[in-house]
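K.L.:
Please see the structure below; I have some questions.
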Amino acid sequence: MSSENLDIAYVAKLARIALTEEEVARFGAQLGDLLGHVATLADLDLDSIPATAQVVESRNVMREDIERPSLDREVVLSGAPQRQGAFVRVPRIIGQV
Amino acid sequence: MSSRISSGAKEIARAVNARECSAREVVEATLERIASVEPQVGAYLSVLERQAREGADALDARIASGERFPLAGVPLAVKDNLALEGTVTTCGSKMLERWVAPYTASAVRSMLAVGAIPVGKANMDEFAMGSSCENSALGVTRNPYDLERVPGGSSGGSAASVAAYEATIGLGSDTGGSIREPAAFCNLVGFKPTYGRISRYGLIAFASSLDQIGPLTRNVEDAALAYDAMAGFDPMDATSVDRAVEPTANALREDLQGVRIGVVKQFDTHKLGNDIDDVYDRALHDLEALGAEIVEVELPTADYGLATYYLIAPAECSSNLARFDGVRYGLRIDGNDVAEMNERSRAAGFGPEVKRRILIGTYALSSGYYDAYYVRAQKARTLVARDFAKAFESCDLIAAPATSSPAFRFKSKSDPYSMYLMDYYTIPMSLAGLPALSVPCGWVTPEGGERAMPLGLQLTAPLFAERALLSAAHAYERATMHASKHPMQIAEVTR
């Protein structure tokens, strides 16, 4: 568990957050520091321990396939930054190189 | 009129149901109090004057026609990550600064159904990430007991509003301590039930395997009444637990005969300094005097809680907050293509702490690091939960500090990790999903400070043992009455 490989600009790209150079330097140092702290987990012998995703009983949840009212389309679209008719409008996705 | 809001929830509901006063009068007294102290406290991001008045009038009409409600007319502060239809629901973030919720969270609906009246949306650390409310992008909240100090976080607005009598019950959410820590800082009871007990439908997600809604109140009975109203299965939340809920408010005890209370060997309070150590020592003596048997228990992995949490919570947050991409809701900053629009919107919409957590979570989940960080943390989480299960073989409840210090001054935790350390005592319980609460347990005057500040005793119970937990906290509260021993810095409410 080494933090040497933390390439903050690459991680920011994965997370889709544009960072300034100042943020790259600051967050890089802060996250490197945090990774140093979490490296203590290497002390624990965890080889035979199962992973916990959920602490209380969980099961697959299905509901009856019954038609029921949804949120009002106009109300939902009123929260969108840009719309066109009944759709949310976004910049071009297809046709980029 | 203010005397109407100096009482607890039970007394307010009794008076409103008996028509000794109207819900409208309670709301007017609350709005008056808010107008008078908000300039100092800043607990709310929005005050719901119109909705509160309309809600009160509608409730009064139903009471006039013979209906009765367990929390009739009780003023409610709603943390601003809980959806309330028609209100701006910001999460303390520029990302959602103007987003109007199109529906109401199940927990809030449950409170509305028993007659509580939302009076405001409370400030919080952005997306519930923080321990001081300083990470809010939209406002500053001050601790009513010392205005130079933080109210705690992330449910800091809910805590400050209830402490300042701007509401009787505050709804908060707790992922690693976000109800218990601000409750301790603001002299309140802060209760996080078992994971899955209260529906999270309509709670804007931070870390889904840890998030839990709960109340912040000025006494244990109010917390029990709020819990009784909100707990239970909800088909709208796939993780809500389908298991019978025992009512708690009718089972509060006055003694602790036959209760074994575990003290964690690894939580040595000597290192917190003499004043604080004395307060926690006395708390154990008081528990013993009430009939409890104090036993030592071990949590060998206690020191690994923070490391575990600061991988799991950011990993889940990086996934949950991916939805804020400038497309369907929230802030959008235009770009030449979708990716650039996403990157710019998230850069402008999120504050530094949220960015840090998303980045660490993205890293922990990324190819090549997933097993080394995320899976390893999930395995450590198993050990933490096993430790508690073992400890509860020899005790019924665990007593521990809620925080390692009283409320600190603004800007005194500039290094992110020093802020994370504030959750040292509350995180292990969250990782194990256990019900836990903070109850006022004494006062200290911090070094360099002039005012006495409250501390909280954290009590933890096994999964689903909320009834035993609240009951014991009630006995301790009644016997000690620490909450009333020192005044706030703001004007006291008229009694």
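The values are calculated or read from the model by the stated rules, or taken from the named source; none is laboratory data. Quick caveat, the model's predicted, so the values are computed rather than measured. All Cβ positions, glycine included, derive from the backbone under ideal geometry; neighbour counts span all protein chains shown.
K.L.:
On the given criteria, is B:ARG386 farther than 20 Å from B:PRO144 by Cα, basic (Lys, Arg), crowded, with 24+ Cβ neighbours inside 10 Å and within 14 Å of chain A (Cβ to nearest Cβ)?
P.N.:
no
K.L.:
Still on this model: Among the candidates B:PHE233, B:PHE206, which residue alone is within 14 Å of another protein chain (Cβ to nearest Cβ) and in contact with a Ser or Thr (Cβ under 6 Å, 6 or more places away or on another chain)?
P.N.:
Criteria check complete, one pass: B:PHE233.
K.L.:
Quick one: what pairs do we get from the stretch B:461-476, first residue without any contact (Cβ under 8 Å) to a residue 40 or more places away in the chain, second aliphatic (A, V, I, L, M), C-beta under 6 Å, 6+ apart or different chains?
P.N.:
No pair meets every condition.
K.L.:
Inspect the stretch B:299-320 for any residue being within 14 Å of another protein chain (Cβ to nearest Cβ), assigned to a loop (DSSP other than H, G, I, E, B), aliphatic (A, V, I, L, M) and buried (at least 23 other Cβ atoms within 10 Å of the Cβ) and give the result as yes or no.
P.N.:
yes
K.L.:
May I pose another question? Inside the stretch B:271-330, can you point out the residues that are of a type in the set (Gly, Ala, Ser), out of contact with any Cys (no Cβ under 6 Å at 6 or more places or on another chain) and on the phi < 0 side of the Ramachandran plot?
P.N.:
Hits for the stretch B:271-330 are B:ALA289, B:ALA292, B:ALA302, B:GLY305, B:ALA307, B:ALA313, B:ALA315, B:SER318, B:SER319, B:ALA322.
K.L.:
Residue check: is B:TYR363 facing another protein chain (nearest Cβ under 9 Å), out of contact with any strand residue (DSSP E or B) (no Cβ under 7 Å at 6 or more places or on another chain) and in a helix (DSSP H, G or I)?
P.N.:
Yes; evaluated as a whole, the condition is true for this residue.
K.L.:
Sort through B:SER412, B:SER405, B:SER394, B:SER430 and tell me the only one that's over 17 Å from B:ASP222 (Cα atoms), of a type in the set (Ser, Thr, Tyr) and within 14 Å of another protein chain (Cβ to nearest Cβ).
P.N.:
Being over 17 Å from B:ASP222 (Cα atoms), of a type in the set (Ser, Thr, Tyr) and within 14 Å of another protein chain (Cβ to nearest Cβ) holds for just one of B:SER412, B:SER405, B:SER394, B:SER430, which is B:SER430.
K.L.:
Same structure again: Given (1) within 19 Å of the chain's Cα centre (by Cα); (2) within 9 Å of chain B (Cβ to nearest Cβ), where does A:VAL24 come up short, assuming only one miss?
P.N.:
Evaluating A:VAL24 over (1) within 19 Å of the chain's Cα centre (by Cα); (2) within 9 Å of chain B (Cβ to nearest Cβ) leaves (2) as the failure.
K.L.:
Next question. All but one of (1) charged (D, E, K, R); (2) facing chain A (nearest Cβ under 7 Å); (3) crowded, with 20+ Cβ neighbours inside 10 Å hold for B:ASP337, so report the exception by its number.
P.N.:
(3)
K.L.:
Taking the stretch A:29-86 only, how many residues are closer than 27 Å to A:LEU6 by Cα, part of a helix (DSSP H, G or I) and more than 7 Å from every other protein chain (Cβ to nearest Cβ)?
P.N.:
7
K.L.:
Which residue out of A:ASP7, A:ASP33 is at pLDDT below 95, within 20 Å of B:TYR310 (Cα to Cα) and either among the polar types (S, T, N, Q) or touching a helix residue (DSSP H, G or I) at 6+ places or on another chain (Cβ under 8 Å) (or both)?
P.N.:
When all the criteria are applied, what remains is A:ASP33.
K.L.:
Which residue is nearest to B:MET129 (Cα to Cα), if the candidates are limited to the stretch B:314-338 and must be in contact with a Pro (Cβ under 8 Å, 6 or more places away or on another chain) and among the β-branched types (Val, Ile, Thr)?
P.N.:
Checking each candidate, the answer is B:VAL327.
K.L.:
If you take the residues in the stretch B:342-360 that are of a type in the set (A, V, I, L, M) and surrounded by 24 or more Cβ atoms within 10 Å (Cβ to Cβ), which one is farthest from the other protein chains (Cβ to nearest Cβ)?
P.N.:
Step by step, filter the stretch B:342-360, then rank; the result is B:VAL354.
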